[in-house]
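Note sheet for the following structure.
Nothing in this text is a laboratory measurement; each read-out follows from the coordinates by a stated rule. Nothing here was measured: the structure is a model prediction, and the numbers come from that model. For neighbour counting, all protein chains shown are included, and Cβ atoms are generated from backbone atoms with ideal geometry for every residue, glycine included.
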Amino acid sequence: MNTDRTCNNSLWTKEENKILENTIAINKDNNNLLEEMAKALPGKLADDIKDHCNVLIEVINIIESGYVTLSDYPKMQNRN
C-alpha cells in the first residue's frame, strides 16, 4: 500500500470518516457520488476525497485478501 497518499494536507477526523461512510452507504447507486461526498464534507477538496477513498479501498482489499490477520476477540455473551 502506498502510504504517501495518506500523508497529504488533508487530515481526516473520525467524524469526517463517519460522514464519508454514511454518504457512500446512502448514495452508493448515485452516479454523482463524488459530488454528494463533497457536499457532505465542506472544506474537503474533491481530489482529497478521491485519494482518501482509494486508500480505504486498498485497505479493504488487503484485509479481504487475507494479508491482515484480524484479532480473535472472545465472543460476548448476551446479557438478556
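Could you tally the net charge around MET37, taking each other residue with its Cβ under 11 Å from the Cβ of MET37, Lys/Arg +1 and Asp/Glu -1? In short, -2.
Among GLU64, GLU36, GLU16, the largest mean-square fluctuation in a Gaussian network model of the chain, built with springs joining Cα atoms closer than 10 Å, belongs to GLU64. Counting only residues at least eight positions apart within a chain, or on another chain, the lysines with an alpha carbon under 25 Å from that of LYS18 are LYS28, LYS39, LYS44, LYS50. Taking the Cβ of GLU15 as the centre, find all other residues whose Cβ is under 15 Å away and add up their charges (Lys, Arg: +1; Asp, Glu: -1). Every neighbour counted, the sum reads +1.
Any idea what the relative contact order of the chain is, in percent, if you count C-alpha pairs under 8 Å spaced at least 6 apart?
Details: 35 pairs, mean separation 24.0, N = 80.
The normalised contact order for the chain reaches 30 percent.
Using a Gaussian network model of the chain in which every pair of alpha carbons under 10 angstrom is joined by a spring, one finds that among THR13, THR23, THR69 the greatest mean-square fluctuation is at THR69.
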